[in-house]
Amino acid sequence: MITEILILVISFVILLSIGVPVAWSIGISCLVTILFSIDPIASFTTVSQRMATGLDSFSLLAIPFFILAGQIMNQGGIANRLIKFAKALIGSLPGGLIYVNVIAAMLFGAISGSAVAAASAIGGILGPPMEKENYSKEFGAAINVTASTTGLIIPPSNVLIVYSLASGGVSIASLFLAGYIPGILMGLALMLVASVWIKKKKYPPGTKSSFKLITVTFLDALPSLLLLVVVIGGIVSGIFTATEASGIAVLYTLILATIYREINLKKLYDIFLSSVGTTSIVLLLIATSMSMSWVMSFENIPQTVSDLLLGLSENKYVILIIINLLLLFVGTFMDMTPAVLIFTPILLPVMQNLGVDPVHFGMIMVMNLCVGLCTPPVGAVLFIGVGVAKTTIQKVMKPLLPLYVVMFIVLLLVTYIPEISLWLPKLFE
């Protein structure tokens, strides 16, 4: 069994290091590993079947719909309206555009469910005015990158749907509700760091907003904000499932984009094409990751890891910090979707043995991997944020460090105070 584990890990790392795409690296390493246990024809057949079976889930239909809804939002003027509302609300504060970036990224990230879309849209719109008012380009990029990940914690979130699948059916509604308080805490923590930086740089107050301007921008942004109420309210109240909610989200955003008149037929074609491309990548990752989960189960890896961790300590708090450090390390070189699908079956049994609620562990896992999106060498959101800001990773790393620290502090709070995640789901039981 140790031989198979080494083959799986070493082959995966080698393939990644030579530039093979993550999905193909996962699939090939699974095939190489299983070839050592069963004959070649059975190995190819088994891996293919497990990939097909992994996609045979009604819940997964929500992912392409939410991706499409996010693309429509990104192109349909929704981000711009959310930024105008946030700017009217808090833009008059000293260094107000930094706070606007955080609030807008939280709102748009939550509505679109995509950290990459939020970093691209918010950074692209706020970048020029921030540069014009002599804000630090590097700190602005750092704030944009970290704040954009809150949209993966605050629902609706595709990665929480993936976790539900990998965990064997944890309630998506409970996971969505669990994400609100941790996501808002993360946003507030980032704003706290921003306030220290703004005070240090002695930024003057911005232009004062009138009540009329706040009201007008709020009413303009209200239809976009109502999407959260429709989607989450419908799921929590039992009116429709998460999959049905994703279809409603697409219909709602299409109607909204038509009203705003910011999407024509050419743009719509490009949106559909881009959504298909993104969905294909995500579903291939899910298929190969489900295959790897089966291979690990076949080789009894989850039980081995469980015994190893429990052998180190039986103290729940010690095991939690070890798992946090492991997931932070994994997040630096692996995308969120395969990481959730591969490590949930390994680590969730350990957590359940220690009495940790699966919903709580879902928050711990997602928040850990969100940090990975902001770190080199493979942080997708980091690369997008740096690219939009037209700067370099080396220059952005210094302002990122204090933001990493507060993200880790919030992660520890969520880890060791379960009620932060579980209070809302219990309230709606």
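For the pair residue 308 and residue 332, what calculated FRET efficiency results from E = 1/(1 + (r/R0)^6), where r is the Cβ-Cβ distance and R0 = 25 Å, to the nearest 0.05?
Numbers: r = 22 Å, r/R0 = 0.86.
FRET efficiency, residue 332 to residue 308: 0.70.
If you wrap a convex hull around the C-alpha atoms of the chain and split its volume per residue, what is the figure in Å³?
Working: hull volume 61.2 nm³, N = 429.
Hull volume normalised by residue count: 143 Å³.
Summing charges over neighbours of residue 396, with a neighbour being any other residue whose Cβ is under 13 Å away from its Cβ, gives +3 when K and R count +1 and D and E count -1. In this structure, the residue pairs whose Cα-Cα separation is over 20 Å, taken from 84/132; 137/202; 267/390; 87/132, are 267/390.
With n ≥ 4 as the cut-off for DSSP H runs, can you work out [θ] at 222 nm for the chain, using -39500 (n - 2.57) per run divided by the number of residues, rounded to the nearest 500?
Calculated at 222 nm, the ellipticity per residue is -26500 deg cm²/dmol.
Annotation for the range 14-69 versus the range 244-270: alpha-carbon center distance of 32 Å. In the context of the full set of protein chains, residues of the range 190-347 present 52 Å² of accessible surface per residue (probe radius 1.4 Å, heavy atoms only).
The accessible area of residue 50, taken with all protein chains in place and a 1.4 Å probe, comes to roughly 90 Å². Residue 177 sits with roughly 20 Å² accessible to a 1.4 Å probe, with DNA, RNA and ligands left out of the calculation. The listed residues 281, 67, once ranked by accessible area (1.4 Å probe) with the largest placed first, stand as 281, 67. Value of Rg to Rh for the range 51-207, rounded to two decimals, is 1.05; Kirkwood radius and Rg both from alpha-carbon coordinates. Across the range 267-386, the relative contact order, built from alpha-carbon pairs under 8 Å that are at least six residues apart, equals 29 percent. As a fraction of the 1.4 Å probe accessible area of the chain, surface on carbon and sulfur atoms comes out at 69 percent. Over the range 345-421, what portion of Cα pair distances is larger than 19 Å, expressed as a whole percent? So the portion of pairs separated by more than 19 Å is 47 percent.
Computed over the range 168-217, the quotient of the alpha carbon radius of gyration and 2.2 N^0.38 Å is 1.84. Highest mobility in the GNM of the chain, judged by mean-square fluctuation with C-alpha springs under 10 Å and restricted to 208, 266, 137, is found for 266. Within the range 240-283, none of the chymotrypsin sites (Phe, Trp or Tyr not before Pro) combine a DSSP coil assignment with at most 11 other C-beta atoms in a 10 angstrom radius. Based on alpha-carbon atoms, the Kirkwood radius and the radius of gyration of the range 255-312 give Rg/Rh equal to 1.42.
When both the range 365-428 and the range 312-362 are represented by their alpha-carbon centers, they are found 16 Å apart. Relative intensity of the range 16-105 on a log10 scale, I(q)/I(0) at q = 0.15, 0.23 Å⁻¹, equals -0.78, -1.07, per a Debye sum over C-alpha point scatterers of equal strength in the absence of solvent. Accessible surface for residue 307 stands near 90 Å², nearest 10, in the context of the full protein assembly shown (1.4 Å probe).
The values are calculated or read from the model by the stated rules, or taken from the named source; none is laboratory data. Since we're looking at a predicted model, the values are computed, not measured. FYI the Cβ positions are ideal-geometry reconstructions off the backbone, even for glycines, and counts take in every protein chain you see. Only protein heavy atoms, including side chains, enter the accessible area calculation; ligands, DNA and RNA are left aside. Shrake-Rupley method; radii C 1.70, N 1.55, O 1.52, S 1.80 Å.
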